[in-house]
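Heads up, the thing below is written out as structure tokens.
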Amino acid sequence: MNYIEYIINNINEEQADILVAELSGVGFDSFSEYDFIEESISCYTLEKEENIELISELLENFTFTRKVIEQQNWNAEWESNFSPIEVGSQCYIRATFHEPREVEHEIIITPKMSFGTGHHPTTHLMVEFILDYHFDGMQVLDMGSGTGILAILAAQRGAAVVDAIDIDEWAYENCLENIVLNGVQTVVCPILGNASHIDKRFDVVLANINRNILLNDMPIYVESMRNQGNLFVSGILETDVPSIEERAVELGLNRLQTKTRDGWAAIAFQK
């Protein structure tokens, strides 16, 4: 299975953030960090998911290049752009080829074509929420789990069980590798699928996806939550917050907290 790489040039950071949100809604699931020197960003979608007509509309005001990335070449492509991430003083996310560091929560991942390496502001915000809240003994659902960073951290924070669901086969396989690397394979259960695969009750639901999926699937998340359970959502721009909050209130949730970073937002709710 091949991926398509789009490199968008002559774009500022604010435009890049907005474009990432828009492309997330048309099948793109991985993005590089914004390159301040080149003023560019790289965006990736599965070849089978590529909708050239919609992509062309979104990119009509930008210059860009497109290339196919063969599956066997992906590791070299991603590793060349991957750097460690620190979230506060508690969490350090690194690849196997980086030096370890003495912190409370070290997460090791094998970087592949899956969203959620910690570089994107939404992953960073969700990590902050997990560090802020109580997870001991909790039953946790991680929707759109990507590399498994959030699921792994929830396990490290004391969760009893974490179901990590992702629709992307590469993300699923990468999560399988990463939970073994971090020694949490008895706690985290990767599942290949979507919200229709939710078949348990949870104390905590993590959903770092995108606005449209959140609005569509939130009733399923809420139905799966125990009373007093928490829902943490991200993958949304600050401008999306009102519509997400309105949907959550309709479903009987109370907003606890909103975090923002670089124009992106994450929200904590309670049932």
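The values are calculated or read from the model by the stated rules, or taken from the named source; none is laboratory data. Everything numeric here is computed off the predicted structure, so don't read it as measured data. No Cβ is skipped: glycine too gets one built from the backbone with ideal geometry, and neighbour counts run over all protein chains shown.
Quick look at the values:
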item	result
Set Ser243, Ser224: member being on the phi < 0 side of the Ramachandran plot, of a type outside the set (D, E, K, R) and in contact (Cβ under 8 Å) with a residue 40 or more places away in the chain	Ser224
Residue within the range 129-139 that is part of a loop (DSSP other than H, G, I, E, B) and at positive phi present	yes
Residue count, the range 191-214 (criterion: without any contact (Cβ under 8 Å) to a residue 40 or more places away in the chain and under 16 Å from the mean Cα position of the chain (by Cα))	5
Top-ranked residue of the range 218-256 - restricted to ones that are polar (S, T, N, Q), in contact with a Phe, Trp or Tyr (Cβ under 8 Å, 6 or more places away or on another chain) and not in a helix (DSSP H, G or I), ranked as surrounded by the most Cβ atoms within 10 Å (Cβ to Cβ)	Ser234
Residue satisfying condition, being farther than 22 Å from Pro121 by Cα, surrounded by 12 or more Cβ atoms within 10 Å (Cβ to Cβ) and not assigned by TED's automatic domain parsing to the domain that holds Trp264, within set Leu54, Leu23	Leu54
Scope the range 23-54; condition of a type in the set (Gly, Ala, Ser) and over 15 Å from Thr65 (Cα atoms); matching residues	Ser24, Gly25, Gly27, Ser30
The range 150-180, residues that are surrounded by 23 or more Cβ atoms within 10 Å (Cβ to Cβ), modelled with pLDDT under 95 and not in a helix (DSSP H, G or I)	Asp166
Residues being at pLDDT 90 or above, of a type outside the set (D, E, K, R) and outside any helix (DSSP H, G or I) - total across the range 76-128	8
So Asp199, is it of a type in the set (D, E, K, R) and within 22 Å of His120 (Cα to Cα)	no
